[in-house]
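Accompanying notes for the structure given below.
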Amino acid sequence: LNGCSLSPADIAYLRSVLPSTTEEAFFEYLCTVDASEVTVSSVPEGSVVFSRVPLLQVKGPLLVVQLLETTLLCLVSYASLLATNAARFRLLAGPTTQLMEMGLRRAQGPDRGLSKYSYSGGFDCTSNVLAGKLYGIPVQGTVAHSFIMSFTSLAEVQPRVLTPLAGGEPVDLPSLAESWLPQVCELLQVSPDKANRGELAAFVSYAISFPRNFQGLLDTYCVMRSGLPNFCAVALALNQLGYRAIGVRLDSGDLTKQSKEIRRVFRACSARFQVPWFETISIAVSNDISERTLEEFIREGSEINMIGIGTNLVTCPLQPSLGCVYKLVKVNGSPCLKLTEDREKMTIPGTKTVYRLYDAAGHPFMDLMALEEEPSPSAGQELTVRILGSEKASKVRPATVENLHRTYFQDGQVCEALPSLPEVKSHAQVSLSQLSPAHRRLHEPEPYPVAITEKLHLLFEELQQASR
């Protein structure tokens, strides 16, 4: 908002496209547009918000706040949509499975692929290095198929030697890994001749460059006959030099079935070769992961530790847009109402304060909108409310009352410290955890009630009558 001003070039362009009858005073006014008269309040970033509850309230001169409409909707809508989509994946995955955002290649433009809102919604890391640089989001990635396919034999590995972690004479890692391969193949009951030597060379080369972060992409050729034996051979060679491999990734096939088979092999290697940490090697998967895929992983008892999600995260296919609207509710000191045949689309008039009501267990059970001038409800007070969509008044008695909105911009200045991205992420998870299971479930959740006070209801009815 501090940059909300029009340059001489902007004014000149508007002159060229607006009718020639446009008054000069209009352009003179645009030159003086000042955001210092605007006040913006909103729910804290990362809060759970329900339908019909205002995300933002903007006060100021009518022309100025109208100029802000498209900008604010653009900034808020996709950010909220993507964070919500990420939160749904987090709820499905549970608290311990690592979620990696990897959607830049499928995002609708580079700005949508910067991972900020995926992270605030609950993801752990991103494959987007620029997002890590700009926002401090943890960056992770894996080996590419093209890297593995670029090798054809162990003769191509350069450099070849690796110094043991504890020091000492460098060791020829290709030879050491090749010596482990027959032992692994015997354990897996596969032929060493079936293991692709170019793949083995790629794994060895990667391990020499990143001995503390070695990981393998297993399905470039065949997981069980090549990728897994080659990975285990290199990982055991690294172990002999004091290093630990960190993980594998699968990108095709029956991911749940393969994860179980791979975990079985890791446990067998751990027992046969007396390497305890081997059975805990992380298994990561990707390949067009959706909410349904995650549900299948859980139902089938997969051994997956990390999930990379791209297309079905950043494109939000279950709901490609968020129906945010920006409506006038008060002008020149008088509340106003937009009427429509669709009652759900009627605006709720007046400047409002929004309260979240909690039960004794600490779960929010209702959001309540009141006119700004009404006294704040208090804990333990019996309240008469009108739930939106219901014709009857209801009585509620909250154990705790929270004012949802805070003023963030006033008199041309940000007036409250903005949270860091990790703080937003933490707040989002706390907000979700406070919801009752009935409201939090992703399939057929119990509708969360949003209500208005009796005074606001009377104003609503009065304005509807006056408009008929």
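See the values below:
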item: Residue 443 accessible area, 1.4 Å probe, all protein chains in place, Å² to nearest 10; result: 120 Å²
item: Cα gyration tensor category, rounded, prolate or oblate, for segment 1-80 with a/c compared to 1.5; result: prolate
item: Extension gain (nm, one decimal) between residue 74 and residue 430, 0.36 nm per residue minus Cα-Cα; result: 125.5 nm
item: Quarter of the Cα convex hull surface for segment 237-341, i.e. its orientation-mean projected area (nm²); result: 12.9 nm²
item: Cross-link table 194/257; 59/327; 352/392, entries beyond 18 Å C-alpha to C-alpha; result: 194/257; 352/392
item: Surrounding net charge for residue 132, when Lys and Arg each add one and Asp and Glu each subtract one, Cβ distance under 14 Å; result: 0
item: Ranked by how many other beta carbons lie within 10 Å on average, peptides 280-286, 331-337 from highest; result: 280-286, 331-337
item: Share of pairwise Cα separations in segment 85-315, more than 26 Å, in percent; result: 39 percent
item: Probe 1.4 Å, accessible area per residue of the chain, Å²; result: 51 Å²
item: Net charge, residue 354 excluded, C-beta distance under 14 Å - Lys, Arg +1, Asp, Glu -1; result: 0
item: Enclosed volume per residue, in Å³, of the convex hull spanned by Cα atoms of the chain; result: 208 Å³
item: Accessible surface, 1.4 Å probe, highest first, among residues 395, 338; result: 395, 338
item: DSSP-defined beta bridges in the chain - what % are antiparallel, rounded to 5; result: 60 percent
item: Extension gain, residue 264 back to residue 145 (0.36 nm per residue minus Cα-Cα distance, nm); result: 40.4 nm
item: Carbon and sulfur %, accessible surface of the chain computed with the full protein complex present, 1.4 Å; result: 52 percent
item: Surface accessible to a 1.4 Å probe, residue 400 within the full protein complex, Å²; result: 70 Å²
item: Within-14-Å neighbourhood charge of residue 426 [Cβ basis; K, R +1; D, E -1]; result: -1
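The values are calculated or read from the model by the stated rules, or taken from the named source; none is laboratory data. In this text, all values refer to a predicted model and were calculated from it rather than measured experimentally. Heads up, the Cβs are rebuilt from the backbone with ideal geometry, glycines too, and the neighbour counts pull from every protein chain shown. Quick note on the areas: whole protein, heavy atoms, side chains included, nothing else; ligands and nucleic acids left out. Shrake-Rupley method; radii C 1.70, N 1.55, O 1.52, S 1.80 Å.
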